[in-house]
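The block underneath contains the structure these notes are about, expressed in structure tokens.
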Amino acid sequence: MKKNKLEKNWFEWIVFAVGLMLVLATLSYLAYDAATITDAPPSIEVRMGEPLQRPHNFIVPITLINHGDQTADGVLVEVVLESGGEEKERGELTVAFLPRRSTREGWVAFQTDPRTVERTKARVLGYGKP
Amino acid sequence: MRPIAKSLQEYSRGIIGGLLFSLPLLYTMEVWWAGFSAHPLHLIFYVLATFALLLGYNFYAGLRHDANWTEVVIDSVEEMGPGLLISAIALALLGRIGLDMTLSEIVGKVTIEAMTVAIGVSVGTAQLGGANDGSDTGEGDGQPAKTRAAKGDSPNDVHFGGQLVIALCGAVLFAANVAPTEEIVVIGSESSSWNLLAIAIISIMLGAIILFSIDFKRAQSFAPAKGAMAVVIGSVITYAIALTVSAMILWFFGRFDGQALIICIGQTIVLGLAATLGASAGRLLLQAG
């Protein structure tokens, strides 16, 4: 035992110390995470940004925020442009994975200028469990 | 005291080994996904299981000939640390982790990838160039890995427990590369029972052939007695290890969730082929030669 201790040089002790810190930090974070996580299913908020005009279409930036504690798989978002209670155009967006407490961004494209319609509605249609 | 240059050389070998063995996993989507969808308790269990495996591997096949448990624990931590670091750097380079992600997603992905890297670091440190240590560097303390692996009663007869641990490591290293992929589920659920039976028989036969050839070449096997019986016992143990490892890895990656029993068994047998190769042939690579 004594012999083995002597074999280690200062550099190896530094690597050991850094390694120990990394391992302990990872384990403590995971333990903290495990203690605070709930079973809450995905709870997805859809936020729309200002529409932008592109050369061939109009795009609406979409931000998806999962407030739940489970990952949502294949999140399907629908955006509808309405004028006078009538649907003008409908767009869709799919996000492959939306991990818990995470944010993902994307765009929905339209031929109609979203700034000319009365209402733009966005909602999540559905998602799976990974 | 070991010279710094020698430590650096060992760490470099570790880093190369870590990358070499974990590269397929670093490039696998399903592993990244598992990083954020796995429950943190699962991840803790995964870290502890890997640590136990590292302890076993370092004890039986590790770098230090005269390893006692303190040294083995220190070595294992020294492999896990770089494992986490290499995994984080690799994932950042591949654009799989970024500052726009939540901490839980980053930690999950890094941790899940780091475990295979850590085993690779361990194997790399012990094996890559380890055999020429003495002549290579001229350092007196660098015992050839050959003698370290042979922690049994006689130089040619590796301890049964040691063989078991090395077989486990081999099975994990090989099976982990394919386990998280969607392909295992597809093959497992589309194969007929006859196919699965054939895969199982081929796996056992492959295990037997490999064990037999190792037996031939190096007079090492699971059973103390030599001959046909030893090969049979050896193959059964190898296949048992392979199936256990397969089932555990599949369970970890959530492949058993909501599946019918036959699909779970199918997946285990399909993955068992890779695990058998690792547990039998992998031993040749992991164990200093």
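Structure notes:
- Restricting region A:52-122 to GluC sites (Glu not before Pro) in coil, as DSSP defines it, with at most 15 other Cβ within 10 Å: A:Glu118
- Adding -39500 (n - 2.57) for every DSSP H run of four residues or longer, then dividing by how many residues the protein assembly as shown holds, sets the calculated 222 nm ellipticity at -20500 deg cm²/dmol.
- Three principal axis lengths of the protein assembly as shown [C-alpha, angstrom, descending]: 90, 57, 40
- Partner shielding of B:102-113 amounts to 4, given as the average count of beta-carbon atoms from other chains within 10 Å of each residue beta-carbon.
- Compared with the alpha-carbon gap, the fully stretched path from B:Val232 to B:Leu23 is longer by 71.8 nm at 0.36 nm per residue.
- One decimal place: the segment A:Glu45-A:Glu7 gains 8.0 nm when fully extended, by the rule 0.36 nm per residue minus the C-alpha distance.
- Spacing of the two label points (7 Å from each Cα toward its C-beta) at A:Phe16 and A:Leu76, in nm: 5.7
- When the alpha carbon gyration tensor of region A:22-92 is reduced to an equivalent ellipsoid, its three semi-axes come out at 39, 15, 9 angstrom, largest first.
- Accessible area in square angstrom per residue, the protein assembly as shown, 1.4 angstrom probe: 46
- Shown here: region B:81-128, whose C-alpha atoms stretch 39, 17, 12 Å along the first, second and third principal axes, sorted largest to smallest.
- Dimensionless Rg ratio for chain A, taking C-alpha atoms and the 2.2 N^0.38 Å reference: 1.74
- For the pair B:Trp251 and B:Leu103 in one chain, pulling the backbone fully straight at 0.36 nm per residue adds 50.8 nm over the alpha carbon distance.
The values are calculated or read from the model by the stated rules, or taken from the named source; none is laboratory data. Quantities reported herein were computed from a predicted structural model and do not represent experimental measurements. Reconstructed Cβ throughout: ideal geometry from the backbone, glycine too, with neighbour counts over all protein chains shown. For the accessible areas, the whole protein counts, side chains as well, though only heavy atoms, and no ligand, DNA or RNA atoms are used. Shrake-Rupley method; radii C 1.70, N 1.55, O 1.52, S 1.80 Å.
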